[in-house]
Amino acid sequence: MARLAQTPGLTEVQRSILETVREFADKEIIPHAQRLEHADEYPADIIDGMREMGLFGLTIDEEYGGLGESLLTYALVVEELSRGWMSISGIVNTHFIVAYLVSQHGSPEQKQSLLPRMATGEVRGAFSMSEPGCGSDVAAIRSKAVRSGDSFVLDGQKMWLTNGAQSSVVATLVKTELGADSVYGNMTTFLLEKEPGFGETAPGLTIPGKIEKMGYKGVETTEMVLDGVTVPESAVLGGVEGGLGRGFYQMMDGIEVGRVNVAARACGISIRAFELAVAYAQQRQTFGAPLAKHQAIAFKLAEMGTKIEAAHALMVNAARLKDAGARNDVEAGMAKLLASEYCAEVVQEAFRIHGGYGYSKEYEIERLMREAPFLLIGEGTSEIQKTIISRGLLKQYKL
């Protein structure tokens, strides 16, 4: 079947991986997504299948038991998984970010301890920056770590942890008063290890319960309460020498990966919405002809396809820049901005093409209508992306 959003220049290995994931999404995700999503049920069988495929180790180096694939491969895999069900991509997203942080910034001991277990999916990662009183305003973080001899004691409350319960390690950004000139130099990322589950999952670390959401179901989103959590110096991402006071910059590096991921998710949902719309438009008859024969509907399909191609191209460009070691904050912001906004528009047009049936829970488009808005705020709102983009452009074009 012809598809939008093809990616030129892929290797045989990349094409083989994507073909396998696409087949998995068609056979193992799409047929079960509606039931699991409406029940808000954790997709255990699907996750087991992903572990068998080695997807949790997709970007982890081969020396640690992973597949050693690029960010581009990761983004294209996320696109395929999101086409099946966005929540599945959420389960691997924060895991990939934490694996990336450990790979790029972790100490040799942290890499040896965590990456082999993360590659198999035995250890799953969660990512924690936001708090009840702050999201995009990272400088407003209030959670803190205070040194106590050779240890640190962490206190505070974190918010919006995807995989908060299922994870075994949480990359957590907190304040550490180090006397730096900038608030950003007084932040440190800790790798907090815990048991999977709800309640007190490590001494002083509590995952209260999952947050009920309008969409993005099946994957749990949680709070995390830190009450006198005592960790050794080795819990600092990169170790004390390399990581203390570097937390903000490490997390921003991870966020660039996350924004490419959100763009990929948006592309995947858009592709699925288009598939549903173009099929329905050819089957549904009105005024003696299929919907697709009416120019008003045909033009909608043309616009939807064009938006998908544009978003996919920006996403691929941002991923390739990161893979090349280049700075991609502007490009990742552009990709996330355009893909998420276009996703909301494409899904709504698909919803309109379905007419009254689109409002029924029996039809898949109803689920997509509840999932697409999340991408407008995840990993930074559209307004935050515009701020990042404009600042970067003004630096490049400074008079």
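The values are calculated or read from the model by the stated rules, or taken from the named source; none is laboratory data. Here the structure is a predicted model, which means the values were calculated and not measured. Cβ placement follows ideal geometry from the backbone for every residue including glycine, while neighbour counts extend to all protein chains displayed. Accessible surface is based on the protein model in full, side chains and every heavy atom, while ligands, DNA and RNA are left aside. Shrake-Rupley method; radii C 1.70, N 1.55, O 1.52, S 1.80 Å.
Observations, loosely collected:
- Taking the charge dipole of the chain about its Cα centre, with +1 at Lys and Arg Cβ atoms and -1 at Asp and Glu Cβ atoms, the residue from 21, 197, 292 reaching farthest to the positive side is 292.
- A viscosity of 1.567 mPa s and a temperature of 4 °C, combined with the Kirkwood radius over Cα pairs in Stokes-Einstein, give a translational diffusion coefficient for the stretch 162-246 of 92 µm²/s.
- Relative contact order (percent, whole number), the chain, Cα cutoff 8 Å, 6+ residue spacing: 16 percent
- Loop trypsin sites (Lys or Arg not before Pro), the stretch 236-343, which have at most 13 other Cβ atoms in a 10 Å radius of their Cβ (DSSP): 327
- Residue among 372, 75, 313 with the largest mean-square fluctuation in a Gaussian network model of the chain, springs linking Cα atoms under 10 Å: 313
- Highest mobility in the GNM of the chain, judged by mean-square fluctuation with C-alpha springs under 10 Å and restricted to 341, 109, 309, is found for 109.
- Solvent exposure of the stretch 1-128 amounts to 40 Å² per residue of accessible area, where only protein heavy atoms count and the probe is 1.4 Å.
- Straight-distance crosslink candidates among lysines, where the alpha carbon sits under 16 Å from residue 210 and sequence neighbours closer than 8 are dropped: 158
- Under-5 Å amide H pairs with residue 238, H placed in peptide plane, nonlocal only: 107
- Under Karplus coefficients 6.51, -1.76 and 1.60, residue-wise ³J(HN,Hα) of the stretch 190-199 in Hz, glycine/proline x: 10, 9, 8, 8, 8, 8, x, x, 9, x
- Distant-in-sequence amide H partners of residue 164 (H built 1.01 Å from N, under 5 Å): 222
- Under a Gaussian network description of the chain, with springs only between Cα atoms under 10 Å, the residue in 261, 163, 186 that fluctuates furthest is 186.
- Only Lys, Arg, Asp and Glu carry charge here, each on its Cβ (+1 for the first two, -1 for the last two); on that basis the stretch 236-326 has a dipole of about 380 debye about its Cα centre.
- Averaging 1/r across all pairs of distinct Cα atoms in the stretch 242-399 and inverting the result yields a Kirkwood radius of 16.9 Å.
- Percent RCO, i.e. relative contact order, over the stretch 1-150, from Cα pairs under 8 Å lying at least 6 residues apart: 21 percent
- Taking every alpha-carbon pair in the chain and binning the separations at 10 Å intervals from zero gives 5, 23, 33, 24, 11, 3, 1, 0 percent.
- Shape metrics for the stretch 1-136, restricted to C-alpha atoms - Rg then Dmax, Å: 15.7, 47
- Estimated [θ] at 222 nm from DSSP helical runs (n ≥ 4, -39500 (n - 2.57)) normalised by residues in the chain, nearest 500: -16500 deg cm²/dmol
- Taken about its Cα centre, the chain carries a charge dipole of about 1220 debye when Lys and Arg each add +1 at the Cβ and Asp and Glu each add -1 at the Cβ.
- Chymotrypsin sites (Phe, Trp or Tyr not before Pro) restricted to DSSP loop in the stretch 330-399 with at most 11 other C-beta within 10 Å: 397
- Surface composition of the chain: carbon plus sulfur atoms hold 52% of the accessible area, using a 1.4 angstrom probe and ignoring ligands, DNA and RNA.
- Shown here for the stretch 260-329: chymotrypsin sites (Phe, Trp or Tyr not before Pro) in loop regions (DSSP other than H, G, I, E, B) with at most 11 other Cβ atoms within 10 Å, namely 287.
- Taking all protein chains into account, the per residue accessible area for the stretch 321-370 stands at 45 Å² (1.4 Å probe).
- Evaluated at q = 0.16, 0.23, 0.26, 0.27 Å⁻¹: base-10 log I(q)/I(0), Debye formula over Cα of the stretch 83-138: -0.60, -0.92, -1.00, -1.03
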